[in-house]
Each structure stands twice: as structure tokens, then as C-alpha cells.
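Novice: This is the structure, below, for whatever I ask next.
The values are calculated or read from the model by the stated rules, or taken from the named source; none is laboratory data. Since we're looking at a predicted model, the values are computed, not measured. So basically every Cβ, Gly included, is an ideal-geometry build from the backbone, and we count neighbours across all protein chains shown. Note: accessible area is taken over every heavy atom of the protein model, side chains too, but ligands, DNA and RNA are not part of it. Shrake-Rupley method; radii C 1.70, N 1.55, O 1.52, S 1.80 Å.
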Amino acid sequence: LPEVPAKIINKAKKITTILMDVDGVLTRGDIVYDSNGLEIKHFNAHDGLGIKLARVAGLKTGIISARESGTIRHRASELKMHYLYLGREKKLPAFEELQNTEGVSPENCCFIGDDLPDIAVLKRVGFAVAVQNATPLTKQNVDYVTRLGGGEGAVREVVEIILHSQNLLESVVLDCTQRV
């Protein structure tokens, strides 16, 4: 794990819900269409296992994305994510809806973003994270910037920091590796 300042560890200790954008966070940000106009996304397997580790540890995960996409729906279902807000150009109302319907406190939420539409949510959560390839303005509005880029394991990096901060990483990894 990267060296993480005590201030970040203290924020990460309180996290019960990890939310994220998709394009530029779970993917490198490329939007690719095949010849039939079907969207193709490249997801990183390390991020997928990170989301599984979070779930095994009892954390909830979710997506807030401006794009409506069957590909995102499929990936979220495959990863058994708890929350899915798609087609939300303004992400803050989706986050507020989650707070109201699920009773999730902002200080117990982590949000991982990469671009300007993410900033409103990043300013509200207890642990705000930008991926390495995020825009400079986005990076100025977060607690932590990942060493890895979006679609390259950045989500996994954040999950491991949170689990390590909560003294859960070793037991969750052991649990996952013994379930073969």
C-alpha cells in the first residue's frame, strides 16, 4: 500500500459506502462504439476484485454516472453493487437521494471521481478521491489523489486504503483467497 497520511486514515476509518463515477474512474475514459453503435467499455479486473473485497468487508458500493448505459448496468450487476444512479448529469441530487432513501451519512461516504461533474459530490463526502488522470480542478477538491489512473486499478487502491484503515484488509483478503 502507498504511504497514507494519518488525516486520510482517519477519514477512511469512517467509510461504510464507496461511490464512484464510471468513465475515467472504472474505465480509462474512452467511449468506444462498435459498428452497430453498441457501447464498449474496458473495465479493470483489479478494480472488480477491489469492489468484491469491499462487499465481503460489509461496505456498500455504488455508481453515480451522467451516462445511461447497458454496459454499466451489466458490470454493476456482475459486481453486485448496491446502488446505481445512471443518466444523472447533475450528480449531487443523486447523492442526496441516496442519503434520503438509505439514510447514509455524507461523512461515511467515499466518492471517487475524475472530472468537473463530480466536484459537487466530492465536496460533500467524508472521503473525496480523484484518480491520477483526473482534471486539475477536480484534484484541487479532494482529500486524496490515487497513484493509479482510472481504469488502471485506482478503485482497488482506494478500497485497499479504506480496508487497511479499518484493520480489515488482511482478514478480507484471507477470506477471499480461501473461498476458491
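Novice: What does the charge count near Ala134 come to, summing +1 for each Lys or Arg and -1 for each Asp or Glu among other residues with Cβ under 11 Å from its Cβ? Before the final figure, lay out each step's value.
Specialist: Details: positive: Lys139; negative: Asp21, Asp114, Asp115, Asp118.
Around Ala134, the charge tally is -3.
Novice: Oh, and also: Ignoring ligands, DNA and RNA, what accessible area per residue does the range 80-164 give at 1.4 Å, in Å²? Before the final figure, lay out the partial values.
Specialist: Numbers: 3620 Å² over 85 residues.
Per-residue accessible area for the range 80-164 comes out at 43 Å².
Novice: Separate question: Kindly give Rg over Rh for the range 16-78, based on alpha-carbon atoms, with the Kirkwood expression for the hydrodynamic radius.
Specialist: Working: Rg = 12.4 Å, Rh = 12.5 Å.
Over the Cα atoms of the range 16-78, Rg/Rh equals 0.99.
Novice: Once both labels are modelled 7 Å past Cα along the beta-carbon direction, what's the Asn10-Thr101 spacing in nm?
Specialist: Modelled inter-label distance: 3.4 nm.
Novice: Give the longest segment of the chain that steers clear of trypsin sites (Lys or Arg not before Pro) in DSSP loops with at most 10 neighbouring Cβ atoms within 10 Å, not counting the sites themselves. Kindly include the intermediate steps, with their values, before the conclusion.
Specialist: Values: sites that count: Lys80, Arg179.
By the stated rule (loop sites, at most 10 other Cβ atoms within 10 Å), 81-178.
Novice: Tell me what the chain gives for mean residue ellipticity at 222 nm when only DSSP H runs of n ≥ 4 count, each as -39,500 (n - 2.57), the sum divided by the residue total, rounded to 500 deg cm²/dmol.
Specialist: Values: 8 runs with 70 residues, N = 180.
After summing the helix terms and dividing by residue count, I get -11000 deg cm²/dmol.
Novice: If you keep only loop residues by DSSP, which GluC sites (Glu not before Pro) in the range 78-172 have at most 13 other Cβ atoms within 10 Å of their Cβ?
Specialist: Details: sites: Glu78, Glu89, Glu96, Glu97, Glu102, Glu107, Glu152, Glu157, Glu160, Glu170; in loops: Glu89, Glu152.
Within the range 78-172, the qualifying GluC sites (Glu not before Pro) (loop, at most 13 other Cβ atoms within 10 Å) are Glu89.
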